[in-house]
1. Given the options Ala26, Ala145, Ala158, which has the most mean-square fluctuation in a GNM of the chain, springs set between C-alpha atoms less than 10 angstrom apart?
2. List, in order, the whole-Hz ³J(HN,Hα) value for each residue of region 137-143 obtained from phi through the Karplus relation with A = 6.51, B = -1.76, C = 1.60 and θ = phi - 60°; use x for Gly and Pro.
3. Which one, Asp233, Asp20, Asp181, has the greatest fluctuation when you compute a Gaussian network model over the chain with C-alpha springs under 10 angstrom?
4. About the Cα centre of region 8-193, what is the dipole size in debye to 20, counting +1 per Lys and Arg Cβ and -1 per Asp and Glu Cβ, all else neutral?
5. Could you give the distance between the Cα centres of region 95-128 and region 147-225, to the whole Å?
6. Taking only the Cα atoms of region 205-247, how large is their convex hull per residue, in Å³?
7. From the square roots a ≥ b ≥ c of the eigenvalues of the alpha-carbon gyration tensor of region 134-248, which class results: rounded (a/c under 1.5), prolate (a/b over b/c), or oblate?
8. Within 10 Å of each candidate Cβ there may be at most 14 other Cβ atoms; applying that plus a DSSP loop requirement, which trypsin sites (Lys or Arg not before Pro) in region 206-239 survive?
Amino acid sequence: MPLDPRYTLAALDTIGSTNDEAKRLARQSDAPTLTLVWARRQSAGRGRLERRWMSPEGNLYWSCVVRLPLVGGQVAPVTGDLCFAAAAAVVATVRRLAPEVADLAVKWPNDVLIGGAKTAGILVEADNGAAPFAVVGIGVNVGWAPDDTPYPATCLAAHGGTTDVARAFDALSAAFLHYHDLLITAGPAAVRADLEGLWARLGERIEVRAGAEPLVGVFEGLDGHGRLCLRLDDGRRRTVTVGDVFFV
């Protein structure tokens with residue numbers, strides 16, 4: 001399918017990091033919102049907390065600049081909402097390209113899993129400078145998955161899905177634009193509604209590392225702001241805005 005003309009595409013063979021290149025374009029040029037960076041491979045791919053993301057050819061490495069609106073002179077706090085929009089876009093992409101997958105889940109806040117194994121990761125980075133923007137970075141395991149990760153990993157091809165990275169690029173770009181527009185026109189609750197029932201380990205015990213001491217309790221869902229709600233062993237209820245979830 002043709003790329004929507006609202007996108008401005010920078011297609012590259014090799015880059016250190018598509019997120020870093022998208023940030024460079026946003027800072028050093030007049031790159032408009034929806035400037036898209038796509039590379040066949042990354043030499044310095046990374047995820048949250050600077051974790052390395054294995055990035056040879058065969059998978060999808062995709063980053064998009066989103067110019068952030070100002071509300072009352074302040075940058076609107078939408079980076080978390082963009083993460084949910086990205087997750088919903090990945091879910092839609094997997095369903096389109098690997099329709100036989102039944103055990104699809106989202107690990108709050110930024111991983112998409114098939115059968116409990118990581119298939120895609122999301123990294124949203126914001127810059128609140130003179131012309132504020134966020135970069136939404138998405139990596140999808142299309143044709144292969146690394147086998148030396150501290151967590152299980154899988155790919156679309158292992159579940160009857162496509163190995164065609166260009167097709168995955170087209171599907172993800174269309175899906176993200178849909179959720180980008182939905183976020184603007186209907187608000188974050190409408191985006192999160194498409195993720196209902198997909199949260200990994202909902203109703204089960206998890207560990208959340210969000211500070212000096214990890215929190216362990218039952219994952220009760222998300223509140224109206226997309227924060228994770230955890231029922232601790234002593235009965236208290238905690239909400240977490242930013243953190244890493246581990247299965248126990």
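1. Looking only at Ala26, Ala145, Ala158, the largest GNM fluctuation is found for Ala158.
2. x, 9, x, 10, 6, 9, x
3. Asp233
4. Value, rounded to 20: 180 debye.
5. What the calculation gives is 4 Å, centre to centre.
6. Hull volume normalised by residue count: 63 Å³.
7. oblate
8. Counting only loop positions with at most 14 other Cβ atoms within 10 Å, the trypsin sites (Lys or Arg not before Pro) in region 206-239 are Arg236.
Laboratory data are not the source of any read-out in this text; all were calculated from the coordinates shown. Keep in mind that this is a model prediction, so the values were computed, not measured. Positions of Cβ are backbone-derived with ideal geometry, glycine not excepted, and every protein chain shown enters the neighbour counts.
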